[in-house]
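Reviewing the structure listed below.
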Amino acid sequence: MVQDNFLGNYTSCVAARSTNRGILAGSQDGGIATGLLAFALEQGIIDGAIVSMVDPSEPWKPMPFVATSPEELYFARGTRYSLSPNLALIKEATRSYGLDKVGIVGTPCQMQGLRKGQLYPIGLRDVPDKIALAVGIFCMENFPYQSIIQLVEDHGNTKLENVVKMDIGKGKFWIYTERGAVVQLPLKITHKYEQPGCHVCLDYVSNLADVSTGSVGTPDGWSTVFVRSKKGNDVWAKAMAAGCFETKPIEEVKPGLDLVTKLATEKITKNRKSLEERAKFGIGKGLRNPYI
Amino acid sequence: MSGCTGCEVAIADNYAGLLTLLDRYVDWVYDLTLADVRHIPEMDVALVEGSVCINDHLSVEEIRETRERSKIVVALGACACTGNITRFARGGQQNQPQHESFVAIGDLIDVDVFIPGCAPTPQMIRNVCVCAYLLLKGNDDQKALAGAYLKPLMAAAKCDPAPTGCGHACGCDLIVGVINQGLCMACGACAASCPVRAITMELGKPNIDRELCIKCGACFNQCPRSWYSFDVTNQYESIMETIDAAMAP
C-alpha cells in the first residue's frame, strides 16, 4: 500500500485502456469507468450504476442516471465538464430501482460525500451497506452548465449542438465540432467560470474511490488508474483476468506519475491557500471552513 | 418526549443487529415504550426522542431528570436535536389544546451528541452505538477511531460549526451555510437525504421547496461541505470493517 499526501492511498497504479473497441470509440480516454462498470454489471458485482448522461432536452447538459444494462452505461461514456449531482440518486437507486449492489461514478468531492454518507448515513437509510463499487475520476475543477454555454458559445464562438467532444489538457480547454473544427481556449479564460465550491477542494485523484482514473499521466487514448480499496482490488483483478483492459506499468509511460503528483500538489496547495484566505476574508470575520 | 416514536422504531429496524447490540454492548434500563420501568434510573447514556412541550410539566420534569441521571445525553432524531416538525406546532389540538410550545431538548439542557435525521437511520444509530462502546471499552486504536467518529456529532450538539442556521435546521441551512459561503460543489447528497423530497437539483444546485420542508436538518448534516472530517473519512474502510466486526453474528 502506497500512502501519499497528495495521491492518497493506493495498492497499484497503472496505465490502462479498455480492450473493447466499442467502449473506446465514445469514451473520453481509456474507457476505464465505462469498461469497469460494464464488467462489474455483467459479473453481478453490481446491479446497476449511477452515472452521468446527457439530458436529452439540452445539448451537453449532464444529468445523473441509473444505468442497469451495459447499453445504458455506453450512453454515459465521455466527460461533460459540468455539474452532475450523482449522489442525488444514491437512495433512489436502492429504492425505486431496487439495487442491492450499487455502482457509482463521481468526482473526488462526490466520493467524499459518498464515504461521509456511508459513515454518517443521516438521511440515507439502508444505503451504506449497498455501495459495491465507487469509481472516482480525476478533477481539477468543474463548471456550471451555464459556464459551459458561455465558454463554448461566447468565447469559443461555437454552437453547443455541433460539439462532439470537449477536453481539458495540455493547459487548454479544447472544443471539437462535428465538422472537424477545433477550438482551443487558454485556461486563463476558463478560470473565472469555475464553480466556486471547487476552490476549497483538497482532492485531485479521488482518494476515497475504490478505483480512480483520469487522463493525466498517460498518453492520449490511455488512462491512469489507481486501485485503492479491497473492493477496488477485487474487481480490478477480476477485470484484468477477464481481459477487459490492457495495461502498462506507469513508470514506462510518458508523462507518468510525476505529472499527476505535480498537478495534485498544485491543486491542493492552491486550495489550502484559498481556505486560509477565506479565514480572513472580512475584517475580523471569515468564511466558514467545512473541514473539522 | 414529544415525538412520533419513529426514531425508536429506527433503533428496532436494526432487526437482529439490535439483539447483537443488546447482547454485547448495551444494558437497556429504561424505555417507556418497550420496557416496564416507570421511573428514570441512573444511566450512562440516554437516547432522547422528541422535543419538549414546555406546557406539559411532566415532560419538563423528565427532561431535567434525564440530564441529572445520565452521564451522556444523546438527542436521537431531528425533534430532539432541533425541533423538526414540532416547530410548526401552534396548539389547539384535542385533547390538550393548550400544548402549543415545543422546544429542542438542547434549549433546556446540555446535550452531548446529536443523531440528526427524521427518522435517524438504523445504520447511523448502529454506528454511533458501536463507536460509543469502543470509545469507552475499546483498545487505544479503537478509542482514537471512535473518538474521531463521534467528534462532529458532539460538535453539532454545541451548534458548531456556525453559521449553520443552527436551531432552525431547515433547507435554508444549505443556502446560508453552504451556498452563501461558496462551498457547494453539486454532489446531490442533500437531495438524496431529504425524507420529504423537498429538494431537487436544478443546474447542479439544491432547489428547496419550503412548503414541503419539515426542518429536520438531514440535508445540511448529510452535506460533505457542512462538516467534514478527513481523519474519519480517510479511514472509512477500517471504520466500516470495525463496525461490521462488532456486529457480526
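For the reader, a short list of remarks on this structure follows.
- Of residues in segment B:119-163 being basic (Lys, Arg) and within 11 Å of chain A (Cβ to nearest Cβ), the one farthest from B:Trp227 (Cα to Cα): B:Arg126
- Within segment A:145-164, residues that are more than 13 Å from every other protein chain (Cβ to nearest Cβ) and open to solvent by 20 Å² or more (accessible area, probe 1.4 Å) sit with their Cβ atoms under 8 Å from residues that are not in a helix (DSSP H, G or I) and not basic (Lys, Arg), at 6+ positions apart or across chains, in these pairs: A:His155/A:Leu185; A:Asn157/A:Val183; A:Glu161/A:Pro59; A:Asn162/A:Thr177; A:Asn162/A:Glu178; A:Val164/A:Tyr176; A:Val164/A:Thr177; A:Val164/A:Glu178.
- Residues of segment A:206-232 classified as in a loop (DSSP other than H, G, I, E, B) and more than 14 Å from chain B (Cβ to nearest Cβ), total: 8
- Strands (runs of 3 or more DSSP E) (entirely within segment B:31-145) containing at least 3 residues that are among the acidic types (Asp, Glu) and over 28 Å from B:Leu21 (Cα atoms): none
- Scan of segment B:1-25 for residues that are surrounded by 16 or more Cβ atoms within 10 Å (Cβ to Cβ) and in a loop (DSSP other than H, G, I, E, B), ordered by number: B:Met1, B:Gly3, B:Cys4, B:Asp13, B:Asn14, B:Tyr25
- When residues of segment A:275-292 are limited to those that are part of a loop (DSSP other than H, G, I, E, B) and exposed (fewer than 14 other Cβ atoms within 10 Å of the Cβ), the one farthest from the other protein chains (Cβ to nearest Cβ): A:Ile283
- Residues of segment B:231-249 that are polar (S, T, N, Q) and either more than 9 Å from chain A (Cβ to nearest Cβ) or open to solvent by 30 Å² or more (accessible area, probe 1.4 Å) (or both): B:Asn234, B:Gln235, B:Ser238, B:Thr242.
- Flag if A:Val200 is touching a residue at least 60 places away in the same chain (Cβ under 8 Å), buried (at least 16 other Cβ atoms within 10 Å of the Cβ), at negative phi and more than 14 Å from chain B (Cβ to nearest Cβ): no
- Any hit, segment B:180-196, residues being on the phi < 0 side of the Ramachandran plot, in a helix (DSSP H, G or I) and not aliphatic (A, V, I, L, M): yes
- Sole exception among (1) surrounded by fewer than 21 Cβ atoms within 10 Å (Cβ to Cβ); (2) among the β-branched types (Val, Ile, Thr); (3) outside any helix (DSSP H, G or I) for A:Ile175, by number: (1)
- Exclusive hit being at negative phi, modelled with pLDDT under 95 and open to solvent by 60 Å² or more (accessible area, probe 1.4 Å), set B:Leu34, B:Leu47: B:Leu34
- Listing of helices (runs of 4 or more DSSP H) fully contained in segment A:1-110 that carry 3 or more residues being closer than 21 Å to A:Asn142 by Cα and modelled with pLDDT of 95 or more: A:32-42
- Qualifying positions in segment A:108-144 - open to solvent by less than 20 Å² (accessible area, probe 1.4 Å), β-branched (Val, Ile, Thr) and more than 7 Å from chain B (Cβ to nearest Cβ): A:Val127, A:Ile131, A:Val135
- The residue pairs whose first member lies in segment A:250-275 and is over 16 Å from A:Thr213 (Cα atoms), whose second member is open to solvent by less than 100 Å² (accessible area, probe 1.4 Å) and among the β-branched types (Val, Ile, Thr), and whose beta carbons are closer than 7 Å, counting only pairs six or more residues apart or on different chains, are A:Asn271/A:Val200; A:Ser274/A:Val200; A:Leu275/A:Val200.
- Odd one out for A:Ala242, checked against (1) in contact (Cβ under 8 Å) with a residue 24 or more places away in the chain; (2) within 14 Å of chain B (Cβ to nearest Cβ): (2)
- Counting only residues that are facing chain A (nearest Cβ under 9 Å), more than 22 Å from B:Asn84 (Cβ to Cβ) and open to solvent by 30 Å² or more (accessible area, probe 1.4 Å), segment B:182-230 holds 4 of them.
- Unmet requirement for B:Val232, which otherwise passes all of (1) without any contact (Cβ under 8 Å) to a residue 24 or more places away in the chain; (2) part of a helix (DSSP H, G or I): (1)
Yes/no per residue for (1) under 30 Å from A:Asp129 (Cα atoms); (2) open to solvent by 50 Å² or more (accessible area, probe 1.4 Å); (3) at pLDDT 95 or above:
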{"site": "B:Gln93", "(1), (2), (3)": "no, yes, no"}
{"site": "B:Phe102", "(1), (2), (3)": "no, no, yes"}
{"site": "B:Ile109", "(1), (2), (3)": "no, no, yes"}
{"site": "B:Ile115", "(1), (2), (3)": "yes, no, yes"}
{"site": "B:Cys118", "(1), (2), (3)": "yes, yes, yes"}
{"site": "B:Thr121", "(1), (2), (3)": "yes, no, yes"}
{"site": "B:Asn127", "(1), (2), (3)": "yes, no, yes"}
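The values are calculated or read from the model by the stated rules, or taken from the named source; none is laboratory data. What you see is a predicted model, and the numbers here were worked out from it, not measured in a lab. Heads up, the Cβs are rebuilt from the backbone with ideal geometry, glycines too, and the neighbour counts pull from every protein chain shown. Accessible surface areas use protein heavy atoms only, side chains included; no ligands, DNA or RNA. Shrake-Rupley method; radii C 1.70, N 1.55, O 1.52, S 1.80 Å.
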